[in-house]
Structures are given as structure tokens and as C-alpha cells.
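Following this message is one structure expressed as C-alpha cells.
The values are calculated or read from the model by the stated rules, or taken from the named source; none is laboratory data. Computed from a prediction, not measured in an experiment: that's the story for all the values here. Cβ coordinates were reconstructed from backbone atoms using ideal geometry, including for glycine residues, and neighbour counts include every protein chain displayed.
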Amino acid sequence: MKKSKWTSLFSILLILSLILAACNSNEDSGSGGNDDENKSEDEQVTIVYARGQDATKATDEIIKAFEKEHPNINVEFREMPSDTGAQHDAYVTALNGKSSEIDVMDLDVVWPAEFAQAGYVMPLDRFLKNDGIDLKDYNEGAVSAANFEGRQWAMPKFIDAGMLFYQTDITEEPSKNWDELMSQASELKGEEGTKFGYLMQAKQYEGLVCNAVEFIASYGGSIVNEDGEVVVDSEESIKGLEKLVEVANSDFVPENITTFTEPESHTSFIEGESPFIRNWPYQYALANDEEQSKIVGNVGVVPLPEGDAGSAAALGGWMTAINQFSEHPEEAWEFVKFMTGPEGQKISAIHGGLAPTISSLFEDEEILEANPFFKEEGFVNALESAVSRPVVPNYPEISEIIQIEVSKAIAGESTPEEAAKAMQSKIENAMK
Ligand code: GLC
């Protein structure tokens, strides 16, 4: 009897001390504080930074500049699949297994809520506070995309908005609405050695969701409204889907357009194969890269064509987060701070054509010289009014429903009406 009493007292003490130790180590990891305190100044630390394939030189340039400023931190770049869904699944597998292999990673704008809820990434609030970083200097929408339950889980690195890029030596001005642009694409196909008239991303993956969101919104529809209600089964959304299906089945897009993601479409565009492409802002820097592009100096950018309700761009972008299981949170933070701070974002903008999330950088002369369209009204409006995808922790489930139903409609296995109805009921179920 006596013995078991002592044993349980001992167990309670042991549990309490374990809890205390765990609390302390949690605090350390998020405090911008002292878990690396005993490290000597010149001890070398290597951190692993993961992101999708970078077709531009931006990532290499950022790492070079960072290592120069932090000679004791080496950054190893781990290239992940460029398809954002495949990239997502790779992180989820690693982080479910509590892997510490990757320290820093870029998150698509649609993931932070899920990653925060699953405990994959570290809250950054203490780091921000310690370093006096004011999130008010950043684009509000981008900040809020990584804010979940009152805490900040990732730093906004760049914003994306879908735009129309064109070859200026083939056409001086793209038509402003979908029907006219389709005729123009059809007429220009074959001009100046082009093989196609229009390029988009129509594979069954996240990029198709973005293209669909744009078509739907430009005809006045939406998937989820401001109150979080599913409203996709509407006349407007159906019109948008009809137009998407028409474009994807036209004879001016590549026959295998349903295998096209960003790399397939941007490669074809910089090879000079199409007068038009729908893509993200990085397309501009890439098309002007002399080592890769055949259309340097001949690239224009305008908002996407208008439907009945005007032009609409999907809101995209990437945030940078720290793995909750990283063994080098301090060094990881230094890199996140640099890459998503003014210096890193400037490199991203100049070498990668990426739109900054720090608002004042839109006035930086070197950035504007590299990306003259950053100051154009059409681009600024597209960024400001870009349409978000549903912001929910189970976003991958919602995205999959949209991908499947839109793909079926493109393949002619369902009508746009049926696709809208199926999305409505399936998304409603998933959001319950
Ligand atoms: C871009 C966008 C991202 C989007 C993806 C789709 O990378 O920034 O938000 O999910 O394209 O392919």
C-alpha cells in the first residue's frame, strides 16, 4: 500500500517535470530565443529550404545574398514538385512523420490554415515581436491568408494574380472580352511561327481550380460567398464554366491542353508558340530571360479577358513557414526574415518577376524597371480585386471536388450545369 502511494507520487512528479520541460522547449523554439545559445559564433549550420521548381534565377540569388550576410548559415535548396498539389502531399507525408529534414518551406496561399491546425509549422509571432517586424507594412490579404486563430504561421513572400501575357510583335492589343479574344486567338494561330492561339492550365490539379475561379468570377459567379455559403450552382457560374469548356475544347489550344500545368504552358510561350497565355506574373521575367526565351523584349501584360461581369484574376501567392520539427529554428527564422523581408522580396521581384507583399516595394525604381507592368492600373487592380479560393482547413478536399468536376465537364463527361450541381452538393457536404 505504502509502496504504491510513493510510486504514484513519484509518477506524478515525473509527469509534472516532463510537462515543464516540454513547455520550456516549446517556448524556446518560438521565442527567437536561446536554444542555440551555446553555439559558438562561427559554428556552421546547414538548413534545408524547400520550394517548388523555380524556373527563374530568384531562389539561387536569394540564397547567395543570404549566405553572404550570414556566413555561418548554409542554405541547401530542396526542389519539390512544381505541381502545388503534389508538393502539398510531399510535405504532409514528411510532416505527419514529424520529419525535421526540411527547415523552411514555401506554402501555397491556400495551405496555412491546414498546416497550422495540423501542427506542421511554427507560430512566428514571437520572432516577429523580437525583431520588431510590423505586419502592417505587408499586403493585408496576404498577411491574413497566413493568420489562423489569431496567430501568424507564415510570412507572405509574394502575391500572384492570373494575367494575360501576349507577344507584342504578333498583336499590339489583345481583345478585351472572352468572345473577341477567342476569335483573335483563332486568327493569330499560325502567325509568326506560332502553333497555338491560347495557352492555359487545364490539367486536373490546383492550377485548373485557379483558371475555373477566373472564368466563373468573370461571369459574376463564385464558389463560396462572403458568408462562407456554397453558391456555385448559379446561372453565372454555369456561364463561366461553359466558356472555360469552350476555350479548353477549341482548336486554338494545344490538343493535349488537359496535361498542361504552369511549366508546360510557360515553356510553349517562351518558345514563341502562342500569341497569348494565361499565367502568373513570373511569366514576364521568364519570357525576358535571354538564356531561356525566344521572345525577349516582345512581351506585354494585360488583365484577363472580361466576361459579363468584367475581368477576374484568381488570388495566388506563396508564404514561407518554419517546420515545427526543425532542429534549427533560429537559423530558419533568419532565412525566412531575409527572404520575405525587403531585400529578399526585391531579389524575387527583379530576378523572378514576383509581385512583392511589402507594399512600399511597388515604388522601388529597380523593381519597376524590371517589371514595368507593376505600376500599370490593370495590374494593380487585378491584385487588389483578385478572387480568393475558399479559406478552410480542409481546402484540399474542396479543391479536389472542383478539379474532378471541372475536368469531367472539359472532357464532355458532364455538362457545365451538371458540374455546377455536383460541386454544390459535394462542397456543401465537405464544409459541414
Ligand atoms: C501559383 C499560385 C498558387 C496556385 C498555383 C496553382 O503558384 O501562386 O497560389 O495555387 O499557382 O498552380
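Which of the numbered conditions does ASN147 fail, given that it passes all the others? Conditions: (1) within 16 Å of the ligand (Cβ to nearest atom); (2) over 26 Å from LEU286 (Cβ atoms).
(1)
May I pose another question? In region 174-204, which residue that is free of Cβ contacts under 8 Å to residues at least 12 places away in the same chain and of a type outside the set (S, T, N, Q) is nearest to the ligand (Cβ to nearest atom)? Explain how you work it out, then say what you get.
Of region 174-204, the ones free of Cβ contacts under 8 Å to residues at least 12 places away in the same chain are 179, 183, 187, 190.
If we keep only those that are of a type outside the set (S, T, N, Q) too, we end up with 179, 187, 190.
Details: ASP179: 26, GLU187: 29, GLY190: 29 Å.
The qualifying residue nearest to the ligand (Cβ to nearest atom) is ASP179.
Got at least one residue in region 309-316 being more than 16 Å from the ligand (Cβ to nearest atom), of a type outside the set (S, T, N, Q), crowded, with 24+ Cβ neighbours inside 10 Å and at pLDDT 95 or above? Before you say what the answer is, go through the steps one by one.
Initially, region 309-316 is screened for residues more than 16 Å from the ligand (Cβ to nearest atom), giving 309-311.
Now narrow it down to the ones that are of a type outside the set (S, T, N, Q): 309-310.
Next, from what is left, pick out any that are crowded, with 24+ Cβ neighbours inside 10 Å: none.
Within region 309-316, not a single residue is more than 16 Å from the ligand (Cβ to nearest atom), of a type outside the set (S, T, N, Q), crowded, with 24+ Cβ neighbours inside 10 Å and at pLDDT 95 or above.
Taking only pairs six or more apart or across chains, which ones have beta-carbon atoms under 7 Å, a first residue in region 152-170 that is in a strand (DSSP E or B), and a second residue that is among the acidic types (Asp, Glu)?
From residues that are in a strand (DSSP E or B), the pairs are GLN152/ASP125; LYS157/ASP106.
Looking at (1) outside the structural domain of PHE338 (by TED's automatic domain parsing); (2) among the aliphatic types (A, V, I, L, M); (3) away from the ligand (no atom under 16 Å from the Cβ), which is the one condition that is false for ILE223?
(3)
Moving on to the next point. With the structure loaded, tell me whether PRO390 is surrounded by fewer than 24 Cβ atoms within 10 Å (Cβ to Cβ), away from the ligand (no atom under 16 Å from the Cβ), of a type outside the set (Ser, Thr, Tyr) and at negative phi or whether it fails that test.
Working: surrounded by fewer than 24 Cβ atoms within 10 Å (Cβ to Cβ): yes; away from the ligand (no atom under 16 Å from the Cβ): no; of a type outside the set (Ser, Thr, Tyr): yes; at negative phi: yes.
Here the answer is no, as PRO390 does not meet what is asked.
Within region 95-115, count every residue that is of a type outside the set (Val, Ile, Thr), in contact (Cβ under 8 Å) with a residue 40 or more places away in the chain and outside any loop (DSSP other than H, G, I, E, B). Step through it out loud before you land on a result.
Initial filter on region 95-115 (of a type outside the set (Val, Ile, Thr)): 95-101, 103, 105-108, 111-115.
Filter once more, keeping what is in contact (Cβ under 8 Å) with a residue 40 or more places away in the chain: 95, 98-101, 103, 105-108, 111-115.
If we keep only those that are outside any loop (DSSP other than H, G, I, E, B) as well, we get 95, 105-108, 112-115.
Residues in region 95-115 being of a type outside the set (Val, Ile, Thr), in contact (Cβ under 8 Å) with a residue 40 or more places away in the chain and outside any loop (DSSP other than H, G, I, E, B): 9 in total.
Do we find that GLY207 is of a type in the set (Gly, Ala, Ser), touching a residue at least 12 places away in the same chain (Cβ under 8 Å) and within 16 Å of the ligand (Cβ to nearest atom) in this structure?
Working: of a type in the set (Gly, Ala, Ser): yes; touching a residue at least 12 places away in the same chain (Cβ under 8 Å): yes; within 16 Å of the ligand (Cβ to nearest atom): yes.
Taking the combined requirement at face value, the residue satisfies it.
Suppose we filter region 37-89 for residues that are touching a strand residue (DSSP E or B) at 6+ places or on another chain (Cβ under 9 Å), among the acidic types (Asp, Glu) and more than 16 Å from the ligand (Cβ to nearest atom); how many remain?
3
Pick out the one residue from PHE260, PHE276, PHE325, PHE335 that is at pLDDT 95 or above and within 16 Å of the ligand (Cβ to nearest atom). Please lay out each step first, then the result.
Working: PHE276 fails: within 16 Å of the ligand (Cβ to nearest atom); PHE325 fails: within 16 Å of the ligand (Cβ to nearest atom); PHE335 fails: within 16 Å of the ligand (Cβ to nearest atom).
Result: PHE260 is the single residue among PHE260, PHE276, PHE325, PHE335 that is at pLDDT 95 or above and within 16 Å of the ligand (Cβ to nearest atom).
Could you check ALA86 against (1) in a helix (DSSP H, G or I); (2) farther than 24 Å from ILE159 by Cβ and say which number it fails?
(2) is the only condition that ALA86 fails.
What is the number of the single condition among (1) within 16 Å of the ligand (Cβ to nearest atom); (2) on the phi < 0 side of the Ramachandran plot; (3) buried (at least 24 other Cβ atoms within 10 Å of the Cβ) that PRO305 does not meet?
All conditions are met except number (1).
Tally the residues that are over 15 Å from the mean Cα position of the chain (by Cα) and part of a helix (DSSP H, G or I), restricting the search to region 350-367. Spell out the reasoning first.
Step one: list which residues in region 350-367 are over 15 Å from the mean Cα position of the chain (by Cα), which gives 350-351, 358-367.
From what's left, part of a helix (DSSP H, G or I): 350-351, 359-363, 365-367.
Counting residues in region 350-367 that are over 15 Å from the mean Cα position of the chain (by Cα) and part of a helix (DSSP H, G or I) gives 10.
One line per residue, one yes/no per condition, for (1) under 15 Å from GLU330 (Cα atoms); (2) modelled with pLDDT under 95; (3) touching a Cys at 6+ places or on another chain (Cβ under 9 Å); (4) not in a loop (DSSP other than H, G, I, E, B):
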{"position": "GLU37", "(1), (2), (3), (4)": "yes, yes, no, no"}
{"position": "SER40", "(1), (2), (3), (4)": "yes, yes, no, no"}
{"position": "GLU43", "(1), (2), (3), (4)": "yes, yes, no, no"}
{"position": "THR46", "(1), (2), (3), (4)": "yes, no, no, yes"}
{"position": "GLU79", "(1), (2), (3), (4)": "no, no, no, yes"}
{"position": "ALA90", "(1), (2), (3), (4)": "no, no, no, yes"}
